[in-house]
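The block underneath contains the structure these notes are about, expressed in structure tokens.
The values are calculated or read from the model by the stated rules, or taken from the named source; none is laboratory data. Values in this document were obtained by computation on a predicted structure and should not be read as measured data. Don't worry about glycine lacking a Cβ; one is built from the backbone with ideal geometry, like all the others, and counts go over all protein chains shown.
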């Protein structure tokens with residue numbers, strides 16, 4: 001079982017900590033879902049504490065930073081674990097979920113819809129997300145979730161603009 005796998009005692013411990021989102025990847029029953037839920041809650045708390053004018057740019061910067069950090073850290077973990085896409089690597093869910101929340105109102109309904117949309121796209125992997133998974137190592141691990149986050153973002157923005165009024 002993936003959640004039983006632990007990092008080797010090595011200098012790559014930080015990569016494992018980041019890739020598993022501080023151990024969230026070791027939680028049972030859907031560690032990706034736990035990581036997405038944690039991301040929603042952390043974003044909700046952080047965004048409430050900031051000036052609303054800074055939410056969009058902050059969400060974009062955080063999404064980009066998590067993605068750029070996630071590629072090398074998930075590469076290290078994939079190599080060291082000997083697994084192409086280890087289930088305990090959940091930094092990809094953090095990046096994708098964060099992308100889905102860019103510009104989302106801080107209302108529980110929007111956050112829930114963003115969560116459901118992202119998890120749905122991440123699980124179903126509509127075209128071309130499955131192809132993105134085939135990219136090498138950390139790039140493949142991260143990019144299908146980035147794509148799922150973009151799909152969720154588009155639908156959440158459409159929902160916010162056209163359906164929720």
Counting only helices (runs of 4 or more DSSP H) entirely within region 1-88, those with at least 2 residues that are under 12 Å from the mean Cα position of the chain (by Cα), at pLDDT below 95 and closer than 15 Å to residue 149 by Cβ are none
Only one of these is surrounded by 13 or more Cβ atoms within 10 Å (Cβ to Cβ), free of Cβ contacts under 8 Å to residues at least 12 places away in the same chain and either within 12 Å of the chain's Cα centre (by Cα) or assigned to a helix (DSSP H, G or I) (or both): 116, 123, 141. Name it. 116
